[in-house]
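Reviewing the structure listed below.
Where a number appears in this text, it was derived from the coordinates with a stated rule and is not lab data. Not measured: the values here are computed from a predicted model. Here the Cβ positions follow ideal geometry from the backbone for every residue, glycine too, while neighbour counts run over all protein chains shown.
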DNA sequence: ATAAAAGTTTAGATTAATCTAAAAAATATT
DNA sequence: AATATTTTTTAGATTAATCTAAACTTTTAT
Ligand SMILES: [Mn+2]
Ligand SMILES: [Mn+2]
Ligand SMILES: [Mn+2]
Ligand SMILES: [Mn+2]
């Protein structure tokens, strides 16, 4: 139905549209995919012609119902594969993204059904991101950005917003992973960094930058 | 290094060159890949330019050392994935080929290392085909085509030569799978079909066509 | 309200993979 | 040995994905 490349564009557009209801702009897509605006314009035309997105010239694109369904199936595959790599093959959580980027394009509904079953129908991937079920339904927990958390309240890490190796390796180093308990002890006015106790250990500083990329629940 | 398409051509050329030492001809490749001779000629030029094969105009191609190494790594991936699908995800042996055809192109040496370990370093895939190790070494058992087997000798099925669903489903139906014991009771002169006892049960007829596609050992 | 800047689209090329039809070479047949 | 047949290659198109440069629209700043 869609080529490998078209799928990557659709998934990216879907992710850029998540949350806000503004249209997704050509340059945003180009930046995400490390490609050029002219290339994006061409692809946009193709995807809108196929009715995965709607497109208003100069004003950006929106994902259609059909587009969202397909995008969610790609996201589902990506996250199930990431889960497989970590749970079954003992990958580190910072090693899985690039491989899943390829595996998400494998076409076989039976494979995904059976993989899901083999993994015990997981609802979140190794980064805490929700895995859509086979109908595209996402079980979303209420989560807060660590940066905005209340002082002295017991929190649990539930996801990361950034899947880069450097960030994930940094988190591993300071002892942060999904499910770990945190308490914010102090917010430093000057640079927005936080003093955080991880698993009730001696508080340590986490930069504002990092705190913006850690999601927690109460 | 090689595109998805180039890998498919290289693997096909490698398989066509297995056994014999004759050059592989343009039309053979075209037939295997359901493509046209003109397309094959172009691809041959590309692969020989990259030194995966040598090419003598009008006389066909041969796989180089470098080409064989790469082809074996694709075959290794294909067969490891097939093994995974059957052993871990409970696919039937006739359902795995098309998915493995896609999975064999995933690029990640780490993934294959870990998959191999997860599967316990298997030496044969669900069809009895040998899985090259990470150095490309194949552990090949001596095997006989059932058609040529000696009458009344105890045999064990070790591989199939044809991976088509229809053939594999037929085999499942008559109770033939890898490891099953067979005894050829009689060879029918007229059409070359064989009367075979499967797992010591009442002998039944197997066509010459089928007997040419079953490999056994003593 | 203009003019400048920023963002987007169009025009024109390029590369990979494919095809059909024509030309060329090798093989088989008389 | 000459001719016919088969096989292979070349020539010329097409489609997908990409790029640069130029043209056009929208937004921002004077
Ligand atoms: Mn991808
Ligand atoms: Mn993830
Ligand atoms: Mn393949
Ligand atoms: Mn196989």
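The gain in end-to-end length when the residue B:101 to residue B:200 segment is fully stretched comes to 32.0 nm, 0.36 nm per residue minus the alpha carbon separation. So if R0 is 45 Å, what FRET efficiency would residue B:141 and residue A:65 give, r being the distance between their Cβ atoms, rounded to the nearest 0.05? Computed FRET efficiency for residue B:141 and residue A:65: 0.25.
Each stretch of four or more DSSP H residues adds -39500 (n - 2.57); spread over every residue of chain A, this sum gives -12500 deg cm²/dmol at 222 nm. In this calculation the C-beta distance from residue A:92 to residue B:186 is compared with R0 = 45 Å, giving a FRET efficiency of 0.15. The stretch between residue A:207 and residue A:151, if pulled fully straight at 0.36 nm per residue, gains 18.6 nm over its current Cα-Cα span. Residue A:22 label point (Cα plus 7 Å toward Cβ) to equivalent points in the other copies: 6.7 nm, shortest first. Each copy carries a label point for residue A:204 at 7 Å from Cα toward Cβ; from one copy, the others' points are 6.6 nm away, ordered from shortest. Helix B:65-87 and the long axis of chain B differ in direction by around 50°, with both axes built from C-alpha atoms. Listed peptides B:139-147, B:111-119 appear in the order B:111-119, B:139-147 once ranked by packing, highest mean of other Cβ atoms within 10 Å at the front. Per residue of peptide B:103-115, the mean number of Cβ atoms on other chains within 10 Å of the residue Cβ is 4. Helix A:37-49 and the longest principal axis of the Cα set of chain A meet at an angle near 60°. Its alpha carbons considered, segment A:122-203 gives a radius of gyration followed by a Dmax of 14.2, 47 Å.
Treating each Cα of the protein assembly as shown as one equal point scatterer and applying the Debye formula with no solvent, the log10 of I(q)/I(0) at q = 0.06, 0.09, 0.11 Å⁻¹ comes out as -0.37, -0.76, -1.01. The largest-to-smallest principal axis extents of the Cα set in chain B are 56, 43, 26 Å.
Extension gain, residue B:117 to residue B:170, is 15.8 nm, computed as 0.36 nm per intervening residue step minus the present C-alpha separation.
Axis angle, to the nearest 10 degrees, between helix A:165-174 and the longest C-alpha principal axis of chain A: 20 degrees. Starting from the label point of residue A:192 at 7 Å along Cα→Cβ, the same points in the other copies fall at 7.7 nm, in ascending order. Reported to the nearest whole Å, the Cα centre-to-centre distance from segment A:1-53 to segment A:105-148 is 22.
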